[in-house]
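What follows is one structure encoded as structure tokens, with my remarks underneath.
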Amino acid sequence: MNEILVKKTTDFFQQKFNSVADKVVLSPGRINIIGEHIDYNDGYVLPAAIDKIICFAFEKNNTNTANIYAIDLDESVGIDVTQEPQLTDVVWTNYLRGVLLQLKLKGFKVGGFNCSFSSNIPTGSGLSSSAALECGFLYGINEMFNLGIKSIDIALMGQSAEHWVGINCGIMDQFSSVVGLENKVIKIDCRTLDYTYHEANFVDYSLILFDSNVKHSLFTSEYNNRRLECNEGLRIIHENFPQIESFRDCDVDQLISLKSKMSDTVFKRSLYAVKEIKRVIQACEALDKGDIATLGKLMFETHDGLSNDYEVSCVELDYLVDLAKAEEDVIGSRLMGGGFGGCTITLVKKGSEAVIKEKFTKLYFEKFNIDLKIYDVKVSNGTSLYNN
Ligand code: GAF
């Protein structure tokens, strides 16, 4: 499937610019097994890059203009690379402008270039298409102009670009898009940025993404609020237990002892963060042992926390997880990504996939009159040059 996307992108480039692209870059979306909303809380996360990608074609053009075509949107933009980028009303261009701004801020000089890109990452589904856009774009510029920017810095600059656009995200999405490895999930310590690879071996189970096909507009404002609420929780914890610098150093009893000093909301957000950090550690141990039953149980617990304490779920996602809980052949399920719509990630017993997919599609439509979308994904490599 990605070969088709590469051909589409490079053929378009050739027609539009009358030249064969010099660099072709593949930049993946991501899944996350467990560890949601804790990348910005100094926690651990367990994501992986997937075989849904954005393909970019690039060539230098010896001018001062970056001519960029978003093939799927049938839109284009010309950006003067000598000027300081500004936010515009055309949202997709802002992610790219944000990357160009980061280059400027870090003192990198780039010339003009031509670029076309096309994607098969569903947008608004929690699969991190914006991180793939930032990181793939920066990766291509890095290659074209030999800037020598290291992978981790590509991720960090991508994250800063996203902040500039308006979402105060953590590092998980950009990091996993860049360092992903085929058949491996990545345990990232978001405090130190140390990471280790673990076999993505779910033994007798398949990973399925059920896309609720709803995108609630709350995402940006509520996401940024969650960060503020967590900062407030941590501030109160630190004031009372000065040795605690992060939720990972706090246990549930210590937090409960401070309940009366926090608003209900701040307490619930903090409780979720403290518990989720511990769950990821247990989940990694379970995955390494091939104990998928424990992993699945932890995923269900994460969903309960995201829904009740962190309050980033919605009725459609809760319903999909309830359906999963009622199935003997589903071992774990939870909302994935920022929430307020998008996908659940679900572990389904091999052999039962077709029956479960059909059943969920029917019941979901009956309940909400919405078509459920379903993605089977493979755990794949991070951002890279395409070599055919
Ligand atoms: C979004 C953010 F971009 C990530 O940094 C992460 O916080 C995620 O939501 C929730 O885990 O994808």
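The values are calculated or read from the model by the stated rules, or taken from the named source; none is laboratory data. These numbers were taken from a predicted model, which means no experiment stands behind them. All Cβ positions, even for glycine, are placed from backbone atoms using ideal geometry, and neighbour counts span all protein chains on display.
Quick notes
- When residues of region 78-110 are limited to those that are surrounded by 14 or more Cβ atoms within 10 Å (Cβ to Cβ) and out of contact with any Leu (no Cβ under 8 Å at 6 or more places or on another chain), the one farthest from N142 (Cα to Cα): L87
- Of all residues in region 299-317, those that are closer than 23 Å to N225 by Cα and in contact with a strand residue (DSSP E or B) (Cβ under 8 Å, 6 or more places away or on another chain) total 9.
- Candidates G166, G170, G140, G126: the one that is more than 20 Å from A66 (Cβ to Cβ) and in contact with a strand residue (DSSP E or B) (Cβ under 6 Å, 6 or more places away or on another chain) is G126.
- Extreme residue, farthest from the ligand (Cβ to nearest atom), among residues of region 325-340 that are out of contact with any helix residue (DSSP H, G or I) (no Cβ under 7 Å at 6 or more places or on another chain) and touching a residue at least 24 places away in the same chain (Cβ under 8 Å): M336
- One residue alone among V321, V348 is among the β-branched types (V, I, T), assigned to a helix (DSSP H, G or I) and not assigned by TED's automatic domain parsing to the domain that holds D173, and that residue is V321.
Condition check ((1) charged (D, E, K, R); (2) modelled with pLDDT under 95; (3) in contact with a helix residue (DSSP H, G or I) (Cβ under 8 Å, 6 or more places away or on another chain)) across all residues:
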{"position": "I68", "(1), (2), (3)": "no, no, yes"}
{"position": "V77", "(1), (2), (3)": "no, no, yes"}
{"position": "D80", "(1), (2), (3)": "yes, no, no"}
{"position": "V90", "(1), (2), (3)": "no, no, no"}
{"position": "L96", "(1), (2), (3)": "no, no, yes"}
{"position": "L103", "(1), (2), (3)": "no, no, yes"}
{"position": "V110", "(1), (2), (3)": "no, no, yes"}
{"position": "N114", "(1), (2), (3)": "no, no, yes"}
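- Checklist (1) in contact with a strand residue (DSSP E or B) (Cβ under 9 Å, 6 or more places away or on another chain); (2) closer than 30 Å to E245 by Cβ applied to N61, failing item: (2)
- Where strands (runs of 3 or more DSSP E) fall entirely within region 1-103, those with at least 2 residues that are away from the ligand (no atom under 16 Å from the Cβ), closer than 19 Å to G124 by Cα and touching a Pro at 6+ places or on another chain (Cβ under 9 Å) are at 47-60.
- Listed by first and then second residue, the pairs linking a residue in region 237-257 that is more than 19 Å from D309 (Cβ to Cβ) to a residue that is basic (K, R), with Cβ atoms under 8 Å apart and 6 or more places separating them unless they lie on different chains, are N240/K261.
- With respect to the stated conditions, I154 is under 26 Å from P47 (Cα atoms) and within 16 Å of the ligand (Cβ to nearest atom).
- Only one of the numbered conditions (1) under 30 Å from I370 (Cα atoms); (2) touching a helix residue (DSSP H, G or I) at 6+ places or on another chain (Cβ under 9 Å) is not met by S221, and that is (2).
- The requirement of being modelled with pLDDT of 95 or more, farther than 30 Å from S217 by Cβ and buried (at least 24 other Cβ atoms within 10 Å of the Cβ) is fulfilled nowhere in region 268-282; no residue meets it.
- Number of residues in region 121-150 that are more than 25 Å from G166 (Cβ to Cβ) and in contact (Cβ under 8 Å) with a residue 24 or more places away in the chain: the value is 4.
- Sub-6 Å Cβ pairs linking a first residue in region 1-23 that is more than 24 Å from I50 (Cβ to Cβ) to a second residue that is among the aliphatic types (A, V, I, L, M) and surrounded by fewer than 13 Cβ atoms within 10 Å (Cβ to Cβ), at least 6 apart or interchain, are Q14/V20, ordered by first then second residue.
- Residue satisfying condition, being closer than 25 Å to L335 by Cβ, modelled with pLDDT of 95 or more and not assigned by TED's automatic domain parsing to the domain that holds G337, within set E143, E162: E162
- The sole residue among D42, D72, D80 that is within 18 Å of A21 (Cβ to Cβ) and in contact with a Ser or Thr (Cβ under 9 Å, 6 or more places away or on another chain) is D72.
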